[in-house]
Amino acid sequence: MKVFKQIFLWISLFLIFCILFTSKVSAEKELQAVGFVIALRGEVQAIDSEGTARALHIKDQFFVEDTIKTGKQSRLQMMFKDNTIISLGSDSMLKIAEYEWDHKNRDGKLTSEINEGVFRIMGGLISKEVPDKLKTKTPAATIGIRGSMYAGSVRDGRLSVVFEGGRGITLQNATGLVLVEKPGYGSHVNGWKSAISPPVKFQTRDFMKVPTQMNKDSFLKRVLKTMKNPTRAEFDAVMKEAIQNGLSPQDAKQVVEELKKDPDFGCK
């Protein structure tokens, strides 16, 4: 009987240890989250560094080394801790290669890798405080940002990217570096060892079909309703995104006033 009691005691202690260890790991992972999903349509997966896939939903968190994959007709919008917003269209793949943000010292870095798909990036605090540390790598060129917004497409190793606003973007590969400073202008690159075309006026943005339907009131409402107790900077970033995508400041303000009447609205 004494032996059984000892075995039971050891099993109990082992189970307690497992529970505490699991809780600690979960807490540490929670602290390592680098952002959360603010809008989503269709099926989207996140694949971690060990190859484990999980479905993403609105308000789900994501982590460094996650690879985000969107399916056909799927769209995703994600916000990072420094308020950088990345949007992905259908059949796209993005890896969060590096991310750090030190709010106190206003320092950090964000390196994303896009091997296929359509995307749009609106720089947050990293692009303003340390713009040289925000980069998007593609098979054809690395995109640098200067407190700006840009959108593009990667298909079969070829990159097309357009600068949408801010101080400009850079494109760099084995052939050199090109600066794009005029909104509405962009470049095409056929591969890492191919010359980057001089900036040209983009006549259409159909090739991107980027998932920023912010010109619709209903979409803005859905995004804002997912944000519980956001910082002022987070709230302003979403409103700026809406206005820069066709929604007038008056209409955006009206959306907020309507939402304030909703008791479940968290952006008071």
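Structure notes:
- Amide H partners (placed H, <5 Å) of Gly108, local residues excluded: Asp102
- From least to most packed, judged by other beta carbons within 10 angstrom and beginning with the fewest, Val34, Val118, Val64 follow the order Val64, Val34, Val118.
- Under-5 Å amide H pairs with Ile38, H placed in peptide plane, nonlocal only: Lys59, Gln77, Met78, Met79
- The trypsin sites (Lys or Arg not before Pro) of segment 103-142 that meet both conditions, a loop assignment by DSSP and at most 15 other Cβ atoms within 10 Å of the site Cβ, are Lys104, Arg106.
- Exposure proxy ranking for Glu181, Glu113, Glu164, based on other Cβ atoms within 10 angstrom of each Cβ and starting from the fewest, stands as Glu181, Glu113, Glu164.
- Among the listed pairs Lys81/Lys182; Lys95/Lys253; Lys95/Lys201; Lys182/Lys240, a Cα-Cα separation exceeding 26 Å is found for Lys81/Lys182; Lys95/Lys253; Lys95/Lys201.
- Shape call, segment 34-201: gyration tensor on alpha carbons, a/c limit 1.5: oblate
- Cα centroid separation, segment 168-200 to segment 37-85 (Å): 28 Å
- Scanning residues 5 or more positions from Gly165 or on other chains, those with amide H under 5 Å from its amide H are Met149, with H placed 1.01 Å from N in the peptide plane.
Computed from the coordinates by the stated procedures, all read-outs in this text should not be read as laboratory data. Values in this document were obtained by computation on a predicted structure and should not be read as measured data. When we count neighbours, we look across all protein chains shown, and the Cβ atoms used for this are built from the backbone with ideal geometry, even at glycine.
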